[in-house]
1. Looking at (1) in a helix (DSSP H, G or I); (2) under 21 Å from the mean Cα position of the chain (by Cα), which one does Arg80 not meet, given that it meets all the others?
2. How many residues are touching a residue at least 12 places away in the same chain (Cβ under 8 Å), within 27 Å of Gly300 (Cα to Cα) and outside any helix (DSSP H, G or I) when one looks only at the stretch 121-177?
3. So which residues in the stretch 349-372 are over 22 Å from Tyr65 (Cα atoms) and in a helix (DSSP H, G or I), if there are any at all?
4. Does any residue of the stretch 321-330 turn out to be in contact with a strand residue (DSSP E or B) (Cβ under 6 Å, 6 or more places away or on another chain) and assigned by TED's automatic domain parsing to the domain that holds Glu208?
5. Please name all residue pairs, on different chains or six or more residues apart, with Cβ atoms under 8 Å, provided the first residue is in the stretch 349-363 and is surrounded by 11 or more Cβ atoms within 10 Å (Cβ to Cβ) and the second residue is of a type in the set (S, T, N, Q).
6. For the stretch 271-325, enumerate the residues that are part of a loop (DSSP other than H, G, I, E, B), surrounded by fewer than 20 Cβ atoms within 10 Å (Cβ to Cβ) and β-branched (Val, Ile, Thr).
7. Does Gln34 satisfy the condition of being outside any helix (DSSP H, G or I) and either surrounded by fewer than 18 Cβ atoms within 10 Å (Cβ to Cβ) or within 26 Å of the chain's Cα centre (by Cα) (or both)?
Amino acid sequence: MNYRIILLSAYDAMSHKIWRGRLLEMFPEHTWTQLVLPPRHFNWRIRGNSLQWALNEKDLLNQGYDLLIATSMVDLASLRGFIPCIAQLPTLLYFHENQFVYPLGSKHRSNNVEPQLVPLYSALCADAIVFNSNYNRSTFLQGTRELLKKLPDQLPPELLEKIEKSEILPVPLEEFPSEPVTSAMLERPKQILDVVWNHRWEYDKGPELLLCLAQAILTQRLPIRLHVVGQQFRSSPAEFEKIATLLEQHAADLSIDQGSFGFVEKRERYIYLLKNCEVVLSTALHDFQGLAIQEACTLGCTPLVPDALVYPEYIDNKFLYTFNKGINEGSGDEANCAEILKQLEIWQTMLANNIALPRVTLDDFSQKALRPKYAELLEKLFRAEKK
């Protein structure tokens, strides 16, 4: 059956775009209407989206739909007040992230409680709540409980019962066709280990640790080629300029081609890069699903990630390095760098001896595995709308 679905994304960052696109790919039988706002001016965006849409998109919002799907950035409570017919729609709220565990120094971290309260209000309004990981849900619940203790007026603890009963449905991964392994590939030992770091160029992805690693690779003349790619913004942490200089010097010292550096515009080139790297690395201080890591894994990369955040949910211990925070966030970089280098050197030796590196399987994150779960949830909401 064809249903009319309106989808709202109030801070349409990269993972939000991917999620929207995968929903449309998985359910082409439905008629989709989408309203999105660009991922900038964070504090205004999360508080002003309902006002902006109510004033600028009133006719579109009033056209009549069977279901509303919104990201947790959407000020659903206010939007229902501005557009009363929205309040009649069965509503699914999707949490890509939460504002309680952003690292200190992040542009999203402040003493302003609005970015924490708006998603809470929206969750209490929604008919179904979905998080992309258990880590996301547990940190949201923990952060909300701590926030409630600080408020000047006491609120009943049972207000969190609905969120405690929410579901976990990750953002589905793109499915890539498998490529046959040729005899030439099996017989070709490689001396240089290609490692890709493919995250947003922002503070919460750990550029200080990445800089420490680039310095160590140069100083120790290690046979490792580091590719630093990912989404960039108008201003990036100063560490990336220093990293570029170090990696250029390292390539010159070893007389090897320099790794990729900067955002890869063409999707085909980016996929080609991931397919030709042995390891994908995370230095993140903050990750709720780790789409960049997951996508690289599906293309054959071996992950090396912290034993923290969301990663232990789906990555085996042998791919995790002990993450030391130190007294202050970022002060454990030297210890973390040593942990990373120890494992990279083991894998480089295996590569040089033509021994295959271990890999992870993420079949549970495929569209094939997740479509039935999404379909069951949507159908439950559609049935509720008919009653």
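The values are calculated or read from the model by the stated rules, or taken from the named source; none is laboratory data. On a predicted model such as this, the values are computed, not experimentally measured, just so you know. Neighbour counts run over all protein chains shown; Cβ positions are idealised from the backbone, glycine included.
1. Going through (1) in a helix (DSSP H, G or I); (2) under 21 Å from the mean Cα position of the chain (by Cα) one by one, Arg80 breaks only (2).
2. 12
3. Thr349, Met350, Leu351, Ala352, Asp363, Asp364, Phe365, Gln367, Lys368, Ala369, Leu370, Pro372
4. Yes, some residue in the stretch 321-330 is in contact with a strand residue (DSSP E or B) (Cβ under 6 Å, 6 or more places away or on another chain) and assigned by TED's automatic domain parsing to the domain that holds Glu208.
5. Partner pairs satisfying both residue conditions: Leu351/Gln191; Ala352/Gln191; Leu357/Thr302; Pro358/Thr302; Arg359/Thr302; Val360/Thr302; Leu362/Gln294; Leu362/Thr298.
6. Result: Thr322, single match.
7. Yes, satisfied.
Residues are listed down the side, and each one gets a yes or a no for (1) without any contact (Cβ under 8 Å) to a residue 60 or more places away in the chain; (2) in a helix (DSSP H, G or I); (3) of a type in the set (S, T, N, Q); (4) over 20 Å from Ala292 (Cβ atoms):
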position	(1), (2), (3), (4)
Leu222	no, no, no, yes
Val228	yes, no, no, no
Pro237	yes, no, no, no
Phe240	yes, yes, no, no
Ala244	yes, yes, no, no
Gln249	yes, yes, yes, yes
Ala252	yes, yes, no, yes
Asp257	yes, no, no, yes
